[in-house]
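Here is the structure we will look at, set down as structure tokens.
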Amino acid sequence: MTTLAPKSDLAEWIYRLFIRVTLWDAAILAIVVVAFILAVFVFSSRVGEAAPSSTASSDLSLEVAWTLGPALILLMISIPTVRTIFRSQTARAPADALAIKVIGHQWWWDFQYPDGIKTANELHIPSGRAVRLKLESDDIIHSFWVPQLGGKRDLVPGQVNEIALVATTPGMYPGQCAEFCGLSHANMRFRVFVDSPADFAKWQAAEIAGPAAAPPDDHLAADGAKVFANSPCTTCHTIQGVSKGYLGPELTHFGSRSTLAAGVLANTPDNVAKWITDPQSIKPGANMPPLILAGPKRDALVAYLESLK
Ligand code: HEC
Ligand SMILES: [Cu+2]
């Protein structure tokens with residue numbers, strides 16, 4: 001998570017501004033340090049000497065110089081700052097930008113695409129295409145922050161904030177909620193996968209197609225599908241064609257995600273089993289109840305979830 005290796009146009013503008021402001025700040029620092037050294041070692045009186053004469057109120061050109069100098073430096077900082085602010089406004093995003101709804105929940109992320117694709121905690125976007133993220137919150141204020149893709153923007157209940165960017169380089173970029181939002185705020189992470197346009201089209205097609213059927217010889221997953229269908233999991237979690245939940249992350253393609261519980265754990269069968277058994281011990285405050293389900297039933301459920309590619 002670094003702001004010094006920008007991978008989108010927005011992050012690049014902010015990075016360049018940061019470097020410029022830092023250089024001007026360095027110039028101010030150099031001037032102040034030199035003036036300080038001169039004052040201490042050259043233009044000061046020694047013990048026993050008379051105090052040097054003051055020029056403060058008598059020299060008009062000096063007064064003008066140290067008023068105009070700093071004013072000019074501030075101007076050189078404010079012009080690019082204001083320009084970057086205007087440039088980064090989402091109104092300037094092209095009309096064909098990919099609009100994705102981002103909904104913050106305590107403590108996970110919901111991503112909804114215009115063609116009906118829904119996913120959680122792992123956002124896929126194409127490189128080289130404008131993306132317009134519409135930020136909303138389901139509960140309290142969160143903040144969307146992917147350091148390599150651009151500055152933070154808050155998700156405020158009852159309001160839609162936007163952030164627009166064109167990602168330049170395929171790769172995985174970690175993100176994090178950047179506004180304190182309660183017990184598991186630090187566990188509200190996410191990942192942005194910037195895919196090449198071809199990879200993105202492939203991902204999109206797989207998502208739209210619904211969950212892949214488990215291989216016919218995977219009896220464990222088939223049993224797990226039955227366990228899921230008859231469990232309280234269906235109240236909260238949506239799996240396309242199976243359940244319509246109203247509260248938790250979409251699980252339709254859970255098996256194709258690399259992490260679970262907002263980036264807290266790697267998505268492995270062991271971790272999923274631990275998560276289902278006692279979510280709160282892994283993620284304090286998690287809004288998913290522990291499920292009293294052990295042995296073969298739980299193993300089957302885990303196999304089913306992992307088969308949802
Ligand atoms: C009361 C609603 C509720 C019920 C019931 C529930 N969950 Fe969840 N589940 C959640 C919430 C909320 C989260 C997000 C927790 C977080 O990351 O903070 C979650 C997260 C998950 C995740 C991680 C998803 C991801 O991509 O990070 C999995 C897997 C999961 N639940 C499986 C299950 C299974 C299996 C059951 C049934 C045994 C179940 N849940 C029952 C609400 C629920
Ligand atoms: Cu948050």
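The values are calculated or read from the model by the stated rules, or taken from the named source; none is laboratory data. What you see is a predicted model, and the numbers here were worked out from it, not measured in a lab. Neighbour counts run over all protein chains shown; Cβ positions are idealised from the backbone, glycine included.
General remarks:
- Residue match in segment 165-177 (condition: among the aromatic types (F, W, Y), assigned by TED's automatic domain parsing to the domain that holds K118 and either out of contact with any Ser or Thr (no Cβ under 7 Å at 6 or more places or on another chain) or at negative phi (or both)): yes
- Enumeration of residues in segment 144-183 that are closer than 24 Å to R257 by Cα, of a type in the set (G, A, S) and either modelled with pLDDT under 95 or in contact with a Gly (Cβ under 8 Å, 6 or more places away or on another chain) (or both): G150, A167
- Residue ID - surrounded by the most Cβ atoms within 10 Å (Cβ to Cβ), chosen from residues in segment 168-195 that are over 13 Å from the mean Cα position of the chain (by Cα) and of a type in the set (S, T, N, Q): S184
- Residue list for segment 132-148, filter: among the β-branched types (V, I, T) and away from ligand 1 (no atom under 16 Å from the Cβ): I141, V146
- When we screen P289, P211 for residues that are farther than 18 Å from M172 by Cβ and out of contact with any Lys or Arg (no Cβ under 8 Å at 6 or more places or on another chain), the only hit is P289.
- Top-ranked residue of segment 129-177 - restricted to ones that are of a type in the set (S, T, Y) and in contact with a Pro (Cβ under 9 Å, 6 or more places away or on another chain), ranked as farthest from F190 (Cα to Cα): T168
- Taking the listed residues F200, F180, F190, F254, the one that is in contact with a Pro (Cβ under 9 Å, 6 or more places away or on another chain), within 16 Å of ligand 2 (Cβ to nearest atom) and hydrophobic (A, V, I, L, M, F, W, C) is F190, with no other qualifying.
- Boolean, A93 is farther than 30 Å from A261 by Cα, touching a strand residue (DSSP E or B) at 6+ places or on another chain (Cβ under 6 Å) and touching a residue at least 60 places away in the same chain (Cβ under 8 Å): yes
- Considering A303, A286, A266, the condition of being buried (at least 17 other Cβ atoms within 10 Å of the Cβ), closer than 25 Å to Q204 by Cα and of a type in the set (A, V, I, L, M) is satisfied by A303 alone.
- Of everything in segment 269-281 that is farther than 21 Å from L123 by Cα and near ligand 1 (Cβ under 9 Å from one of its atoms), the residue that is surrounded by the most Cβ atoms within 10 Å (Cβ to Cβ) is W275.
- First in segment 280-293 and assigned by TED's automatic domain parsing to the domain that holds V264, second anywhere and among the aromatic types (F, W, Y) and away from ligand 2 (no atom under 16 Å from the Cβ), Cβ under 7 Å, 6 or more apart: I282/W275
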